[in-house]
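Below is one structure, written out as structure tokens, with a few remarks after it.
The values are calculated or read from the model by the stated rules, or taken from the named source; none is laboratory data. On a predicted model such as this, the values are computed, not experimentally measured, just so you know. Cβ sites come from the backbone with ideal geometry, for glycine too, and all protein chains shown count toward neighbours. Remember, those area values only see protein heavy atoms, side chains included, never the ligands or the DNA or RNA. Shrake-Rupley method; radii C 1.70, N 1.55, O 1.52, S 1.80 Å.
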Amino acid sequence: ADALRWYMLTNAQPWDNLKFDEAGEDEVRRKFFGTLYNTYSFFALYANVDGFDPVKNVSDSAAMSEMDKWIISVMNTLIADVKKAYENYDVTLAGRLIQDFVCDNLSNWYVRLCRKRFWGGGMSPDKLSAYQTMYKVLVNVAVLAAPIAPFFMDRLYCDLVPDAQSVHFVMMPDYDSAAQDKELEERMALAQKASSMVLALRRKVN
């Protein structure tokens, strides 16, 4: 139900009549919901192994890596943009922004490049920072996406937050300008673009 709702809203155009597309709904289920579920599963697997507690295991901001600072900055940009879209009743834009963030920035870039930080025994300051960063991002994604995917995001939020009743009792996250670094976002965007171009060239020449 959430996948269909997400597809209908994020693919809507002002001139379109609402229409059902089974293939499109399945693509959204795999691309967005599947990616978000796999990202959460990766986090939960290692967090359970290490006994990570988001309340007790507080990380030092000085231990944040550049990747942590970048994803937190992009997340705050997302918060500002999504809240603005909701306020303008542009649910289509809000859904697309969340989907792009989860698939391109969180899963395909942050998790992929930070995977090794979760390996190994012990809870180093670097690993703790990665846990806290990923936890914060997943919680905020659940809250931001809850109006469009109420059932999936409620389960995600309640699985993440100890003793939570429902994501629908929570206010939208606040935008933190102090955590935003536009220069870092621009530099990382160039790195992402360069990586994509190199991969495209590799595929071209097999």
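Quick notes on this structure:
- Note on exposure: F152, F101, F52 ranked by accessible area (1.4 Å probe, complete protein assembly) read F152, F52, F101, with the most exposed listed first.
- Candidate residues L138, L113, L190: accessible-area rank, largest first, probe 1.4 Å: L190, L113, L138
- In this structure segment 1-144 gives 51 Å² per residue of accessible area when probed at 1.4 Å with all protein chains present.
- The C-alpha radius of gyration of segment 1-105, expressed as a fraction of 2.2 N^0.38 Å, stands at 1.32.
- Across segment 110-169, the fraction of Cα-Cα pairs farther apart than 12 Å, rounded to a whole number, is 68%.
- Using alpha carbons only: equivalent-ellipsoid semi-axes of segment 70-122, gyration tensor based, whole Å: 29, 11, 7
- Helical runs (DSSP H, four residues minimum) scored at -39500 (n - 2.57) apiece and divided by the length of the chain put the mean residue ellipticity at 222 nm at -19000 deg cm²/dmol.
- Working note: Debye formula, equal point scatterers on the alpha-carbon atoms of the chain, no solvent; log10 I(q)/I(0) at q = 0.13, 0.14, 0.16 Å⁻¹ is -0.78, -0.90, -1.16.
- Under Karplus coefficients 6.51, -1.76 and 1.60, residue-wise ³J(HN,Hα) of segment 130-143 in Hz, glycine/proline x: 5, 4, 5, 5, 5, 4, 4, 5, 5, 4, 5, 4, 4, 6
- Residues within the reach of a label modelled at L113 (point 7 angstrom out along Cα to beta-carbon, backbone nitrogen below 19 Å), restricted to segment 133-170, are 133-138.
- The HN-Hα couplings worked out from phi for segment 177-186 by the Karplus form 6.51 cos²θ - 1.76 cosθ + 1.60 (θ = phi - 60°) are 5, 5, 8, 9, 9, 5, 5, 5, 4, 5 Hz, whole numbers, x standing for Gly and Pro.
- The 1.4 Å probe gives accessible areas that order V170, V161, V205, largest first, as V205, V170, V161.
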